[in-house]
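Below is one structure, written out as structure tokens; the observations come after it.
Readers should treat all values here as calculations from the given coordinates under stated rules, not as data from a laboratory. Keep in mind the model is a prediction, meaning the values are calculated, not measured. All Cβ positions, even for glycine, are placed from backbone atoms using ideal geometry, and neighbour counts span all protein chains on display.
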Amino acid sequence: MKAAWIAMALMTAGCVPNVRPDSYSIGSVGQVNRTTEGTIISARTVIIDGSRGGGAAAGGAAGAVAGSQIGGSDAAGAVGAIGGLVVGAIAGAAVERSASTQHGIEYVVETSNGNLMTVVQGADPALPPGSKVLVLYGSPARIIADPRDRSQP
């Protein structure tokens, strides 16, 4: 049973979404996105919950298999499987949430035409309020330091 929980934790850890602004999926390569210049007017740390439900499914499956081994009769095995499914799903969801939670930053940006927009992305690299940035539209949208701004380090 312990091996099943370890396997579930390892499977769930691989499900952590990538929220870094310097990482692109293969489908994004070669795509043209609109870009707008702006200034960060606020930045605050947020928690990004990457749970997708796979942990509960994996935990439920592992728990059902482990629980079905209880007892000597078919009825006891069925009851054990149901109990194992429930306990495993709860534990799997908790493991997934723990493994997929990340720190991020919520940026409020004032664009050059005076509009405000908010984008949440990974915490690294952090950009301080007052920074000149480029907002890259897309899925996901990104905020990057404006390479034309000579006042940034």
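Residue ranges 109-117, 126-134 sort as 126-134, 109-117 when ordered by packing (mean number of other C-beta atoms within 10 Å per residue, highest first).
Per-residue extension of 0.36 nm, minus the Cα-Cα distance of ARG34 and ASN115, leaves a gain of 27.6 nm for this segment. Amide H to amide H distances under 5 Å link ASP149 with no residue, where only residues 5 or more positions off or on other chains count and H is placed in the peptide plane.
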